[in-house]
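Right, one structure below, let's go through it.
The values are calculated or read from the model by the stated rules, or taken from the named source; none is laboratory data. From a predicted model like this one, the values you see are computed outputs, not experimental measurements. A quick note on method: Cβ atoms are made from the backbone with ideal geometry, for glycine too, and the neighbour counts reach across all protein chains shown. Surface accessibility is based on the protein's heavy atoms, side chains included, excluding ligands, DNA and RNA. Shrake-Rupley method; radii C 1.70, N 1.55, O 1.52, S 1.80 Å.
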Amino acid sequence: MKPEKDKILFLENSTDLARAGAGIFVSTAKRSIEEKGYFAAAISGGSSPRRLHRLLVKEPYLSGIPWERTHIFWVDERCVPEDDPASNYGAAKGDFLDLAPIPPGHIHRMPGETPPEQGALNYQEELMDFFRLNKGELPVFDLILLGIGTDGHTASLFPGHGALQERERLVTAVRGGHPNVSRLTMTFPVINNAGKILFIVTGKGKSGIINKIFNKAHKSLPAQMIQPVKGELIWLMDREAASLLHGDIENGPSRR
Ligand code: 6PG
């Protein structure tokens, strides 16, 4: 089932998908900066968003983004050193942050090297400071990029984990995923408070979970708990990821 305000964009392949995602990143950045003077985006790890990330420091995207007004946060992070191959920050640093003219203070890294519980508290403090929040208030990210696991997880919100029920904390510490390590993750209240949420789903390996989400009665998967309160949810998927959906890709899946 797809709530009406969700949008699904079907792209032929992962390259076209990355271009579409980078275009949305640029347009959202420009609009956010026009409206309030800054752009706050939160990115996820994993392999799906990396092609998009790399495009952000290539033309026409590089000069299209007002980097001096852009702030990059993380949706989740593995609790490993920055130079560990599993580090989401480490991947993003190499893919685009080292090449973008973004002020260093605008890169808001999750402290993966800090003991997880403390790291979660520290990052929550950083969000509260940046967004000038009082206790109980939620940040409003202009754009959040998400991937999806074959088990239906997103961020580091894994099926059956207690973090799925977290409604107070902005950031929490969990353990799980591949690699099965301690992680910091934003919680659903934060993610669902974003202005725009973009799921990036590519490849045949994701066709099963996409089918489960869009064609079956599943309601409880973490990715299905991404329901923006006021914002927009856009699914970007390529032909392979959408290959088990009914109907042809041009017209989108038949939705029940
Ligand atoms: C993480 C990610 C995670 C990822 C999915 C999909 O830090 O592991 O945030 O939620 O988006 O596991 O990963 P792939 O894009 O590599 O398939």
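Descriptive notes on the structure:
- Residue within segment 78-91 that is modelled with pLDDT of 95 or more, over 29 Å from Asn180 (Cα atoms) and either away from the ligand (no atom under 16 Å from the Cβ) or among the aromatic types (Phe, Trp, Tyr) (or both) present: no
- Note on segment 203-216: residues that are within 15 Å of Thr15 (Cα to Cα) and either more than 8 Å from the ligand (Cβ to nearest atom) or touching a Gly at 6+ places or on another chain (Cβ under 7 Å) (or both) total 1.
- Search result, residues across segment 26-53 that are within 16 Å of the ligand (Cβ to nearest atom), open to solvent by less than 30 Å² (accessible area, probe 1.4 Å) and not small (Gly, Ala, Ser): Ile43, Pro49, Leu52, His53
- Residue check, Thr154 of a type in the set (Val, Ile, Thr), open to solvent by 30 Å² or more (accessible area, probe 1.4 Å) and closer than 16 Å to Gly46 by Cβ: no
- Yes/no for Lys135 being surrounded by 16 or more Cβ atoms within 10 Å (Cβ to Cβ) and more than 14 Å from the ligand (Cβ to nearest atom): no
- Residues being among the β-branched types (Val, Ile, Thr) and within 28 Å of Thr28 (Cα to Cα) - total across segment 72-128: 4
- Odd one out for Ser182 among (1) closer than 23 Å to Phe25 by Cα; (2) more than 18 Å from the chain's Cα centre (by Cα); (3) open to solvent by less than 50 Å² (accessible area, probe 1.4 Å): (1)
- Restricting attention to segment 32-46, the residues being under 19 Å from the mean Cα position of the chain (by Cα) and free of Cβ contacts under 8 Å to residues at least 40 places away in the same chain number 1.
- Which listed residue is within 21 Å of Ser87 (Cβ to Cβ) and either buried (at least 18 other Cβ atoms within 10 Å of the Cβ) or under 13 Å from the mean Cα position of the chain (by Cα) (or both), from Ala223, Ala163: Ala163
- Condition check for Arg109: within 16 Å of the chain's Cα centre (by Cα) and open to solvent by 50 Å² or more (accessible area, probe 1.4 Å): yes
- Taken residue by residue, segment 3-11 has no member that is within 15 Å of the ligand (Cβ to nearest atom) and assigned to a loop (DSSP other than H, G, I, E, B).
- Only one of the numbered conditions (1) within 14 Å of the ligand (Cβ to nearest atom); (2) without any contact (Cβ under 8 Å) to a residue 60 or more places away in the chain; (3) buried (at least 18 other Cβ atoms within 10 Å of the Cβ) is not met by Gln124, and that is (1).
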